[in-house]
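Report on one structure; see the data block that follows.
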Protein chains: 2
Amino acid sequence: MSQQRTGPTDGPDFPDLPEATVARLPEYLRALHHLAEEGHDTVSSEGLAAAAGVNSAKLRKDLSHLGRTGTRGVGYDVTLLIDQIEQVLGLTHRRAVALVGVGNLGHALAGYAGFGSRGFRIAALFDADLGRVGEQINGLVVRHIDDLPAVVVEESISIAVIATPALAAQHVCDRLVAAGVTSVLNFAPCVLSVPEGVDVRKVDLAIELQILSFHEHRKSALTALPAVQKAKRGEAEVAS
Amino acid sequence: MSQQRTGPTDGPDFPDLPEATVARLPEYLRALHHLAEEGHDTVSSEGLAAAAGVNSAKLRKDLSHLGRTGTRGVGYDVTLLIDQIEQVLGLTHRRAVALVGVGNLGHALAGYAGFGSRGFRIAALFDADLGRVGEQINGLVVRHIDDLPAVVVEESISIAVIATPALAAQHVCDRLVAAGVTSVLNFAPCVLSVPEGVDVRKVDLAIELQILSFHEHRKSALTALPAVQKAKRGEAEVAS
């Protein structure tokens with residue numbers, strides 16, 4: 001799912017985090033916000049792990065990277081841990097995001113309530129199609145892609161979402177990078193080339209389905225095995 | 001991005017693949033289809049790695065799991081490798097997929113051209129909102145969620161996409177599993193509980209942005225470092 005370039009991040013104020021830990025911190029954050037809303041002041045590592053859908057040993061290891069571990073018998077302070085994760089993720093101020101491509105998917109993304117409540121603000125919408133320019137979506141007017149450089153500066157945008165067709169994506173990406181964008185979330189089904197210092201994450205919906213297809217295939221292959229072999233596999237699974 | 005349960009898959013006809021390899025196979029497949037369209041019969045591991053956006057050592061290791069390695073000096077046979085990856089991913093027949101929730105995101109997903117060309121067919125659309133039932137999207141009529149059990153059997157559906165609000169997702173998931181669905185792609189921002197034998201992959205768009213936010217934050221922290229420390233980091237990076 002990701003094309004990542006990771007650099008050294010072991011500064012005194014900036015923990016050196018494994019990429020997989022970075023990917024799980026947002027999950028913990030969401031679970032913690034939910035716990036806070038339900039009135040919990042503290043949470044055990046087991047409780048938080050279950051809420052986030054990971055195992056508790058992994059969670060403890062992840063959080064130990066932040067330099068804070070829970071108190072034995074008390075657990076984690078929910079508010080403190082929220083603050084600390086938001087600090088590390090750079091969510092202490094709301095980040096402005098540009099969205100390029102307002103087809104079906106772009107429309108859905110522009111209206112995605114999850115962004116606003118999670119530290120982001122869609123600050124500008126762009127399209128190359130003059131038929132779409134001027135359209136209003138969720139209170140924002142779609143601008144022409146040629147306005148990109150000016151708007152990126154005006155709105156202090158460093159993150160952009162590409163929701164264009166695959167053929168247009170690299171050109172759009174180049175224009176975004178030229179305008180000063182340094183993080184790109186790519187929904188177009190293609191690999192983007194970016195210069196050093198620019199991060200890209202890719203969301204490809206068909207790839208997610210193909211991974212599930214593998215598991216479907218695996219499950220039907222297991223079902224087709226003779227019973228004896230299945231029993232052996234069962235033992236192996238228990239033993240492992 | 002994923003909640004996965006992996007079982008033993010080391011049957012004679014079924015390679016035992018690391019989860020990360022499974023996640024990369026669709027990337028290789030897409031790159032290979034692109035190469036085939038461009039008229040290439042063979043491809044070097046370096047060429048395929050570049051097209052898929054991974055390093056070539058990783059690619060060679062991934063493909064060695066499939067039991068086929070390229071011929072030195074010749075590379076991989078594009079058509080053979082496509083066949084083999086499609087076989088492993090279970091893409092030799094087109095899989096029927098149900099989509100539940102036809103709000104903004106559901107509409108976008110129902111119209112996502114990428115599914116059809118990559119081994120999947122959206123076979124049925126569902127919603128709980130009577131105002132949406134009967135609406136036609138891309139030639140499919142939206143059915144009421146109560147029709148789920150009958151349609152899942154009729155259309156031999158084993159994979160479903162959940163594009164409902166978070167609050168409805170677990171209930172929808174339970175109904176899908178009860179109807180016989182064994183793989184779920186979840187777009188709702190919540191963790192789903194499923195019984196053993198059911199695979200869930202989660203796509204949370206805000207989490208992708210939060211991971212990019214971390215990288216933005218890291219980059220600005222590095223920019224803020226004194227020059228000497230930055231120079232040291234540069235050396236460390238070159239050395240690693």
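The values are calculated or read from the model by the stated rules, or taken from the named source; none is laboratory data. What you see is a predicted model, and the numbers here were worked out from it, not measured in a lab. Counting neighbours? That spans all protein chains shown, and the Cβs are built from the backbone with ideal geometry, glycine included. Each accessible area value is taken on the protein alone, full model and side chains, heavy atoms only, with ligands, DNA and RNA left out. Shrake-Rupley method; radii C 1.70, N 1.55, O 1.52, S 1.80 Å.
State which residue pairs qualify: first residue small (Gly, Ala, Ser) and inside the stretch A:24-37, second residue in a helix (DSSP H, G or I) in any location, beta carbons under 8 Å apart, and separation of 6 or more residues or different chains.
Filtered contacts from the stretch A:24-37: A:Ala31/A:Leu48; A:Ala31/A:Ala51; A:Ala31/A:Ala52; A:Ala36/A:Val78; A:Ala36/A:Thr79; A:Ala36/A:Ile82.
So for the stretch A:197-219 (the condition being open to solvent by less than 20 Å² (accessible area, probe 1.4 Å), in contact with a Pro (Cβ under 6 Å, 6 or more places away or on another chain), modelled with pLDDT under 85 and within 11 Å of chain B (Cβ to nearest Cβ)), does at least one residue qualify?
Yes, the conditions are met somewhere in the stretch A:197-219.
Among the residues of the stretch A:88-120, write down those that are within 9 Å of chain B (Cβ to nearest Cβ) and open to solvent by less than 10 Å² (accessible area, probe 1.4 Å).
Hits for the stretch A:88-120 are A:Leu89, A:Gly90, A:Val97, A:Gly106, A:Ala108, A:Leu109, A:Phe115, A:Phe120.
Just one of the numbered conditions (1) farther than 15 Å from B:Glu208 by Cα; (2) modelled with pLDDT of 95 or more; (3) out of contact with any helix residue (DSSP H, G or I) (no Cβ under 6 Å at 6 or more places or on another chain) is not true of A:Ala98; which one?
With respect to (1) farther than 15 Å from B:Glu208 by Cα; (2) modelled with pLDDT of 95 or more; (3) out of contact with any helix residue (DSSP H, G or I) (no Cβ under 6 Å at 6 or more places or on another chain), A:Ala98 is out only on (1).
Do we find that A:Gly134 is under 23 Å from the mean Cα position of the chain (by Cα) and farther than 30 Å from A:Asp62 by Cβ in this structure?
Criteria not met by A:Gly134.
Does A:Leu167 satisfy the condition of being more than 11 Å from chain B (Cβ to nearest Cβ), more than 19 Å from the chain's Cα centre (by Cα) and either crowded, with 20+ Cβ neighbours inside 10 Å or not in a helix (DSSP H, G or I) (or both)?
Against the criterion (more than 11 Å from chain B (Cβ to nearest Cβ), more than 19 Å from the chain's Cα centre (by Cα) and either crowded, with 20+ Cβ neighbours inside 10 Å or not in a helix (DSSP H, G or I) (or both)), A:Leu167 does not qualify.
Anything in the stretch A:60-87 that is open to solvent by less than 20 Å² (accessible area, probe 1.4 Å) and at pLDDT 90 or above? List them, or say none.
Selection gives A:Asp62, A:Leu63, A:Tyr76, A:Val78, A:Leu81, A:Ile82, A:Ile85.
Just give me the residues in the stretch B:122-154 being in a strand (DSSP E or B), among the charged types (D, E, K, R) and within 22 Å of B:Arg94 (Cβ to Cβ), in sequence order.
B:Arg143
In the stretch A:138-148, how many are in contact with a strand residue (DSSP E or B) (Cβ under 6 Å, 6 or more places away or on another chain) and farther than 19 Å from A:Cys173 by Cα?
1
Here's a check for you: in the stretch A:170-179, which residue that is under 22 Å from the mean Cα position of the chain (by Cα) and open to solvent by 40 Å² or more (accessible area, probe 1.4 Å) is farthest from A:Val102 (Cα to Cα)?
A:Asp174
Among what's in the stretch A:17-33 and is more than 9 Å from every other protein chain (Cβ to nearest Cβ) and closer than 14 Å to A:Ile82 by Cα, pick the residue that is most open to solvent (accessible area, probe 1.4 Å).
In this case the residue turns out to be A:His33.
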